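To keep things clear, I will list the structure first and then write my remarks on it.
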Amino acid sequence: MKRCWLTFCLVLLSGLSSADDPLVFESPAQEARFKALTEELRCLVCQNQSLADSDAPLAQDLRREVFLMLQAGQDDATIKTFLVERYGDFVLYRPPVRGNTLLLWLAPLLLMTTGALVLAITVKKRQVMLAADALASAQKGMDPDTRDLGP
């Protein structure tokens, strides 16, 4: 009897969690706009997923919000502006270049430049050490006390 009750509860809960109505678009163009927008917007919970990819409840709510705004005839810029005002630049995968996001845009360039400099310095030091070792070996070979005169 306990097993039947547990199964019933699990079926009921799974039915409640998947009670998300599918979105019905007015045209294929509107659906394409929706897909493009949800791929440009970041899930605030998952952080490395777009709204289109995320299964988080907040992402579902944001997708529905975007859908309703599209249905109301709002353009993409208005929808993005609304979400940025509400959630900040973090909601955008490509935030605008401003003072507070400048490090975000410059960090990859700075890291690559630093890596290139470290690599160049390491290679140069190694070349100097190898040249010094070769010079030391050559001087040892020229020393009359250590030179092998052969038969």
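The values are calculated or read from the model by the stated rules, or taken from the named source; none is laboratory data. Everything numeric in this text was worked out from a predicted model, so none of it was measured. Every residue, glycine as well, gets a Cβ built from its backbone with ideal geometry; the counts of neighbours run over all protein chains shown.
Values for this structure:
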item: Close pairs (6 angstrom Cβ cut-off, 6 or more residues apart or separate chains): closer than 16 Å to Met69 by Cβ and aromatic (Phe, Trp, Tyr) in the stretch 16-30, modelled with pLDDT of 55 or more and not in a loop (DSSP other than H, G, I, E, B) anywhere; result: Phe25/Glu31
item: Residues of the stretch 74-88 that turn out to be of a type in the set (Asp, Glu) and either exposed (fewer than 14 other Cβ atoms within 10 Å of the Cβ) or not assigned by TED's automatic domain parsing to the domain that holds Leu44 (or both), as a count; result: 2
item: Scope the stretch 53-75; condition among the polar types (S, T, N, Q) and assigned to a loop (DSSP other than H, G, I, E, B); matching residues; result: Ser54, Gln74
item: Exclusive hit being under 12 Å from Leu92 (Cα atoms) and assigned to a helix (DSSP H, G or I), set Leu37, Leu44; result: Leu37
